[in-house]
Amino acid sequence: MTAPGFYVIFWREMLAIRKKFWKFLSGSLVMPVLYLVTFGWGVGGNMRVGGGTYLEFVLPGIIALSAMNNSFNGVATTLNISKLYYKTIEEILVSPVSPWDIALGRVLAGCVRGMFSALLLIALGSILHVGIRFDLMFMAVLFLTTFAFGSLGVLAAMITKSHEDMANFSNVVILPMAFLSGTFFSPTHLPEPFASIIMAYPLTHASLSLRAIAAGADAPVASLAALVFYAALFFVLGGLTVKRLEI
Amino acid sequence: MIKIDGLTKKYNALTAVDRLDLSIADGEIFALLGPNGAGKTTTIRMLTTLASITGGRAIINGLDVEKTPIAVKKIIGLAPQGLNLEIELTAEENLEFHGRLHGMPARERRARIDELLDFAGIAEKRNELVSKLSGGMKRRLLIARAIMHRPKVLFLDEPTVGLDPQIRRKMWEMVLELKREGITVFLTTHYIEEADFLCDRVGIMNRGRLAALDSPAALKEKTGRYAVLCRQFEGCKPAFFASREEAVRFASGMEEDVTIRHTTLEDVFIHLTGEAFE
């Protein structure tokens, strides 16, 4: 019996991660810790939000943000380099693995990267005794979030024609989303049209869902539906761009 | 093994490959020669499904490249011009990944990896990261990887570019060994002596079209087996003759110093594609 195509692509990514695990680990840690120190203690050390500490409020948002960054960058950067610089994508494109398998294998590797960084934050949170709840549903939302942003990473890597394009994509799409998606504040306070724009961001729904679950409530159904919608949309678009890729 | 009818590739206004017709026999070594931009690599990219086909069609082993790309990918191997090995993986892992991509079972993969590392002469480097291998070793690994899944047709795009002459000769031995195993080899090259030495037939490509197609010996025969070259003058074109007597007669009528020698494939190449450079 031989492994399905997507698993072969996934296997190669895991092999690469294993080979540079310490680099991978430190790379996954830096940003979340910076965010935690800056916003958790630095900015919000004495603030209270909705009856809890600011740290309790901000941690689920930072987890969502970190999951997004690591899944998106982990897929987009490696795939973009493979397409533009090393040309290793050609080796995969001339093999009988289908474009959908290529996309799925890469996205799942992005899920591992994103969820790994989220788990590091969860571990950090429990060391610091931040009182938030993690359960299976929390993990499911995380998976959905990383799947959506991993897929967006495939799409970005396929449509950008240079490393500069890629940096631009990050600055125009990812960076505003990181700051505006209710990671650091509750998006309900914003005036129009910002409130509507923010509700269109997939990361907002990841933050809202994770925050609700962490506080012991159920995730809003509309946010879960939005995440499923974005995950499906980005994956289909990503797969189609792999299919149409010509080098 | 390969049958190409009217194969065409257009990039907007530019026609990179223009109605190419070609037929390559089972077990043949075939080379496309041509100046830069002649359309050699584009032809290989269409045949290996990496570039879409604008017009015409290509059949490999009875399979239509455009209609059944996955089936075609199973029976072809490609060693591209750029060294696109996974540099963060070892030599062995590169082969392992390729075997998995082609759905080879674990036992078969292991045996084939041992065999190919020997074939490429890098058995002792199997656990080295590719980034630490020399240029020649990388090239050999690239070919080993391309034949890992036992393809029927192997495409080599500029297989010896940038290699020392000694290593180039080793690569040629590798290619001839593949021919003995019955693999059809389709290669492009800048090195004319490479095509002359290796190939059963050569296609000379210029501006997207085939300018000539035959065995190296027949191409020289057609151009004229003897070449008369003058050295003093710039822009003095060589003259070709079918017999030594004609060549000598022509040469003795000339004022300046001339050389008479056998026509090389390079002479044929420049004779047919020369205008492209002027």
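The values are calculated or read from the model by the stated rules, or taken from the named source; none is laboratory data. Note that this is a predicted model, so its numbers are computed, not measured. In this analysis, Cβ positions are derived from the backbone assuming ideal geometry, glycine residues included, and neighbour counts consider all displayed protein chains.
Restricting attention to region B:261-278, the residues being modelled with pLDDT of 85 or more and among the aliphatic types (A, V, I, L, M) number 2. The listed residues are A:F116, A:F72, and the only one of them that is closer than 19 Å to A:L237 by Cα, more than 14 Å from every other protein chain (Cβ to nearest Cβ) and aromatic (F, W, Y) turns out to be A:F72. Out of B:G39, B:G55, one residue alone is more than 13 Å from B:L210 (Cα to Cα) and of a type in the set (G, A, S). It is B:G55.
Number of residues in region B:73-83 that are crowded, with 20+ Cβ neighbours inside 10 Å and either under 15 Å from B:G136 (Cα atoms) or more than 9 Å from every other protein chain (Cβ to nearest Cβ) (or both) equals 2. I need the full set of residues from region B:173-192 which are within 11 Å of the chain's Cα centre (by Cα) and either assigned to a strand (DSSP E or B) or surrounded by fewer than 19 Cβ atoms within 10 Å (Cβ to Cβ) (or both), in order please. Passing the criteria: B:V185, B:F186, B:L187, B:T188, B:T189, B:H190. Mind checking whether some residue in region A:36-50 is without any contact (Cβ under 8 Å) to a residue 12 or more places away in the chain and closer than 26 Å to A:G238 by Cβ? No: region A:36-50 contains no residue that is without any contact (Cβ under 8 Å) to a residue 12 or more places away in the chain and closer than 26 Å to A:G238 by Cβ. Among the residues of region A:117-142, those that are crowded, with 18+ Cβ neighbours inside 10 Å and either without any contact (Cβ under 8 Å) to a residue 12 or more places away in the chain or under 13 Å from the mean Cα position of the chain (by Cα) (or both) comprise A:S117, A:A118, A:V141, A:L142. Could you tell me whether any residue of region B:157-177 is closer than 23 Å to B:R100 by Cα and either of a type in the set (D, E) or in the same structural domain as B:R100 (by TED's automatic domain parsing) (or both)? Looking through region B:157-177, none of the residues is closer than 23 Å to B:R100 by Cα and either of a type in the set (D, E) or in the same structural domain as B:R100 (by TED's automatic domain parsing) (or both). Considering only region A:29-50, I want to know if a residue exists there that is farther than 23 Å from A:D101 by Cβ, within 24 Å of the chain's Cα centre (by Cα), at pLDDT 80 or above and within 11 Å of chain B (Cβ to nearest Cβ). No, every residue in region A:29-50 fails to be farther than 23 Å from A:D101 by Cβ, within 24 Å of the chain's Cα centre (by Cα), at pLDDT 80 or above and within 11 Å of chain B (Cβ to nearest Cβ). Only one of the listed residues (B:R168, B:R201) is over 17 Å from B:I2 (Cβ atoms) and touching a helix residue (DSSP H, G or I) at 6+ places or on another chain (Cβ under 9 Å). That residue is B:R168. Close Cβ contacts (under 9 Å, 6 or more residues apart or on different chains) running from residues in region A:82-94 that are under 16 Å from A:T160 (Cα atoms) and at the interface with another protein chain (Cβ under 7 Å from one of its Cβ atoms) to residues that are assigned to a loop (DSSP other than H, G, I, E, B) and among the hydrophobic types (A, V, I, L, M, F, W, C) comprise A:Y86/B:L83; A:Y86/B:L85; A:Y86/B:I87; A:K87/A:I247; A:K87/B:L83. Total residues in region B:26-72 satisfying the condition of being among the charged types (D, E, K, R), under 15 Å from the mean Cα position of the chain (by Cα) and within 14 Å of another protein chain (Cβ to nearest Cβ): the figure is 1.
Have a look at B:E88, B:E93, B:E108 and point out the one that is crowded, with 17+ Cβ neighbours inside 10 Å, more than 15 Å from B:L154 (Cβ to Cβ), charged (D, E, K, R) and within 11 Å of chain A (Cβ to nearest Cβ). On inspection, the qualifying residue turns out to be B:E93.
Just so you know, in region A:202-225 the residues that are under 20 Å from A:N69 (Cβ atoms) and in contact with a Pro (Cβ under 7 Å, 6 or more places away or on another chain) include one that is surrounded by the fewest Cβ atoms within 10 Å (Cβ to Cβ), and it is A:T204. Checking each residue in region B:100-135 for being outside any loop (DSSP other than H, G, I, E, B) and of a type in the set (A, V, I, L, M, F, W, C) picks out B:L101, B:A106, B:A111, B:I113, B:L116, B:L117, B:F119, B:A123, B:L129, B:V130.
Is there a residue being over 19 Å from A:T146 (Cα atoms) and either part of a helix (DSSP H, G or I) or among the aliphatic types (A, V, I, L, M) (or both) anywhere in region A:200-212? Looking for residues that are over 19 Å from A:T146 (Cα atoms) and either part of a helix (DSSP H, G or I) or among the aliphatic types (A, V, I, L, M) (or both), one finds none in region A:200-212, hence no.
Check region A:182-192 and report whether any residue there is of a type in the set (V, I, T) and not in a helix (DSSP H, G or I). Yes, there is a match, as at least one residue in region A:182-192 is of a type in the set (V, I, T) and not in a helix (DSSP H, G or I). Residues that are in contact with a Lys or Arg (Cβ under 8 Å, 6 or more places away or on another chain), under 26 Å from A:F116 (Cα atoms) and in contact (Cβ under 8 Å) with a residue 12 or more places away in the chain do not occur anywhere in region A:161-180. Taking the conditions (1) within 19 Å of A:K19 (Cβ to Cβ); (2) within 12 Å of chain A (Cβ to nearest Cβ); (3) within 24 Å of the chain's Cα centre (by Cα); (4) not acidic (D, E) in turn, B:L133 satisfies each one other than (2). The single condition from (1) surrounded by fewer than 16 Cβ atoms within 10 Å (Cβ to Cβ); (2) more than 21 Å from B:S23 (Cβ to Cβ); (3) out of contact with any helix residue (DSSP H, G or I) (no Cβ under 7 Å at 6 or more places or on another chain) that B:E266 fails is (3).
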